[in-house]
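Participant: Below is a structure I'd like to ask you about.
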Amino acid sequence: MAIMNAVRARNLDLNLLRVLVAVADTGSVTKAAARLYLTQSAVSAALARLSESLDTPMLVRHGRGVILTSRAARLVTEVRPLLEAMLQASLAPARFDPRTSERTIRLGLSDFGDEWLLPPLLRRLGRDAPKMRIICIPVQFRTVVEALATRRVDLAATVIDKLPQTILRTPLIRGHFVCLFDPRHVRLGARPSKRTYLAQEHVIVSYNGDLRGTVEDTYGVERRVRCSVASFNAIGAIVDGSQLVATLPDVFAAQLLRQRPHLRSAPFPFAHRAGGMDLLWPAALDDDDACAFVRAAIIDIAKHVPATS
């Protein structure tokens, strides 16, 4: 049986994989047929051939429709970036010219990326690459690896520790944690002690959807957490006019202090290493000229991002 399957795989028509991806993207055999300019019966026949070649079903009936089998879903995840890379390679001109390129770059951004990065990046592209376009997709450390691996994004700017070897990185922004507060309602001082800090009520950012943040996990202390949110974007409005203290990277705090200059920042009272945001991209796109052009622009923009200190 294994030998027979290997023979079938060697004879696999790669166009059948394109059909499978279209069905996965549209969620329908009928809609996939319309996208591919095929008849519905042709799409069904292609899926049947693919099932026979791989000796496993691609679809199962679900109510009045169909859904991908788990094997088909994994296959789609694996082949989609390869098919997209082949399409980009076939459509790309022999030599990349930013002045005429019409490439669309899918950029993953975490908190505040749309504020410190997007405006100068769009101005630069408008000047140097007027036909290039950007699609921004929110990412964070739990989602970015899959987004890059499946080519849902071409590059991403976020905070993350460990990465697989298939993902490359370069540092963008480095800084330290600071405390952000409203001095009209909070008496934290210019250099708060650990006791003073822990005596306050806090708003935290938790990607786990709970009341624990980086401080609890790293230092083994418990803050008096009043509110947990999923991103830093709402922190300024929450701190403004409240008795809550937020702990966040100094670059993000600088953005909020420019928007709300009546707020204040103070040093985070626990010793910690400098951290920050990295620029990430798949190794498969390392020599892609269009992506390299946008990466270089982002790296240059990041050099001019001010922090609170």
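Participant: Pop the C-beta distance of D210 and E78 into the FRET formula with R0 = 30 Å and round what comes out to the nearest 0.05.
Facilitator: 0.35
Participant: Express as a percent, rounded to the nearest 5, the fraction of DSSP beta bridges in the chain (both residues included) that run antiparallel.
Facilitator: Of all bridge pairs located within the chain, approximately 60 percent are antiparallel.
Participant: Further question: Which entry in (1) 20.1; (2) 22.6; (3) 18.8 matches Kirkwood radius over Cα pairs in Å derived from the coordinates of this structure?
Facilitator: (2)
Participant: Given a Förster radius of 25 Å and the C-beta distance between A230 and A199 as r, what FRET efficiency does 1/(1 + (r/R0)^6) yield to the nearest 0.05?
Facilitator: So the FRET efficiency works out to roughly 0.45.
Participant: Based on the Cβ-Cβ distance of A42 and L12, what FRET efficiency does E = 1/(1 + (r/R0)^6) give at R0 = 22 Å, to the nearest 0.05?
Facilitator: After rounding, the FRET efficiency stands at 0.80.
Participant: Which GluC sites (Glu not before Pro) in the range 58-150 sit in a loop by DSSP (not H, G, I, E or B) and have at most 16 other Cβ atoms within 10 Å of their own Cβ?
Facilitator: Those that pass, being in a loop and sparsely packed, are E102.
Participant: Let me ask another. How far is helix 289-302 tilted, in degrees, relative to the longest principal axis of the Cα atoms in the chain, given as a value from 0 to 90 rounded to the nearest 10?
Facilitator: 10
Participant: Another question, then. Which percent of the accessible area of the chain is formed by carbon and sulfur heavy atoms (probe 1.4 angstrom)?
Facilitator: 54
Participant: While we're on this one: Accessible area per residue, 1.4 Å probe, Å², for the chain: what's the number?
Facilitator: With all protein chains present, the chain gives 55 Å² per residue.
Participant: Could you calculate the contour length gain from Q243 to E102, that is, 0.36 nm times the residue separation minus the distance between their Cα atoms, to one decimal place in nm?
Facilitator: 45.8 nm is the gain from fully extending Q243 to E102.
Participant: Sort the range 35-148 into rounded, prolate or oblate with this rule: let a ≥ b ≥ c be the square roots of the eigenvalues of the Cα gyration tensor; rounded if a/c is under 1.5, and if a/c is not under 1.5, prolate when a/b is larger than b/c, oblate otherwise.
Facilitator: prolate
The values are calculated or read from the model by the stated rules, or taken from the named source; none is laboratory data. Computed from a predicted structure; not experimentally measured. Positions of Cβ are backbone-derived with ideal geometry, glycine not excepted, and every protein chain shown enters the neighbour counts. Accessible surface is based on the protein model in full, side chains and every heavy atom, while ligands, DNA and RNA are left aside. Shrake-Rupley method; radii C 1.70, N 1.55, O 1.52, S 1.80 Å.
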